[in-house]
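Only one structure is covered here, and it is reproduced in the block below.
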Amino acid sequence: MDLDKYKLLKNKKIAEILDGDETFGDFESPNIQSNFGLSNLQIGLPRLSGPDICDIAKMFGSTVEYEGSYSRWQYMFDLIDYGIQSGRIANILAYLFDKSNFIRAVTELDKEEFERYHNKSVESAVSRINDILHFGGNKIIIDGKRVLIVPINATTPNISIKNLKTIDRDYIKSLSDRAIDNIENGHYDSALTQARTILEETFDYVLEKQNIEPSSKGDINKLYKQVKDEYKMHENKNADKRINRLLSGLENIVSAVSEMRNKNSDSHGVGERRLTIDRHHARLAVNSATTMADFILSVEKESAGDNNY
């Protein structure tokens, strides 16, 4: 993965697609009562304000603060720069196209129509961006949880281990600290999203270290199953039963964080009943995810012959 290629996205027209300024016509929905069957939704990526773009940067580890002195496309340029410098640009772009970015802006559609709207918007945005990149012989593709820039004639690229962002205790701690800060400020939904991010990025990382393509479905339970299978983390009948009980508890952490995030966070839940969560429950979710991520990193290090992690 050539990070320098992502500088091609620092094009004002592309930035205006990514921040939702450019749209691609009305979304027609027969299930919504409105004039001529239109839902008053424009096809395109969600419109992001300057603070929204800064918040996305913070989700991925930035400490940027909104100052109000730039246009939105300039904040998008800064987000792209941060993604390149941090090695996380492929994941940041994937978030912009992901349903979790759409859910906050789209509330009036049922699940089936939301799926159709999301697919149409993503297809239109990708097509328009590729029209712009075409003259340089490149295109973007959505490859699971990454958006990659590849030559026009390329097929699905191989993972390059040397280009993987290193995820270690310091990185996990930085995500955890930001999640705790959100809890202290009453932003429990964001903290739950970050708890899931801690697990998801750790699972992705240890799989990619083995040249294993992570599950592209966005299901952290499936990701964890991949990790267990690859690193042979299944319960051992010859091991102490107390160790096996601890290992079985890991699965409960993954399931709980996934379910809490889906039903309670700011990123999912079309048509689902939102749950009430207290401060201490949000803290428990973040701390549990952090502890599990640390354990998974230890498993990967031991597998690689590093027993000093």
Report summary line: Checked pairs for segment 168-194, first more than 14 Å from THR290 (Cα to Cα) and among the hydroxyl-bearing types (Ser, Thr, Tyr), second outside any loop (DSSP other than H, G, I, E, B) and open to solvent by less than 60 Å² (accessible area, probe 1.4 Å), C-beta under 8 Å and 6 or more apart or across chains, list as TYR188/ASN182; TYR188/ASN264; TYR188/ALA282; SER190/MET59; SER190/ALA179; SER190/ASN182
Requested in this report: Would you list the helices (runs of 4 or more DSSP H) that sit entirely within segment 60-155 and hold 3 or more residues that are open to solvent by 10 Å² or more (accessible area, probe 1.4 Å) and more than 18 Å from ILE14 (Cα to Cα)?
Outcome: 111-133
Query raised in the report: Quick one: is TYR70 of a type in the set (Phe, Trp, Tyr) and more than 20 Å from the chain's Cα centre (by Cα)?
Result: yes
Query raised in the report: Among the candidates LEU207, LEU223, LEU148, which residue alone is modelled with pLDDT of 85 or more, among the hydrophobic types (A, V, I, L, M, F, W, C) and within 14 Å of the chain's Cα centre (by Cα)?
Result: LEU223
Report task. Starting from segment 86-110, keep only residues that are within 17 Å of ALA57 (Cα to Cα) and of a type in the set (A, V, I, L, M, F, W, C), then list their pairs with residues that are assigned to a helix (DSSP H, G or I) and open to solvent by less than 10 Å² (accessible area, probe 1.4 Å) whose Cβ atoms are within a distance under 6 Å, requiring at least 6 positions of separation or different chains. Result -> ILE89/TYR6; ILE89/GLY83; ILE92/GLY83; LEU96/LEU18
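The values are calculated or read from the model by the stated rules, or taken from the named source; none is laboratory data. This one's a predicted model, so the numbers in the text were calculated from it and none came from an experiment. Using ideal geometry, Cβ is built from the backbone for each residue, glycine included, and neighbour counts are taken over all protein chains shown. For the accessible areas, the whole protein counts, side chains as well, though only heavy atoms, and no ligand, DNA or RNA atoms are used. Shrake-Rupley method; radii C 1.70, N 1.55, O 1.52, S 1.80 Å.
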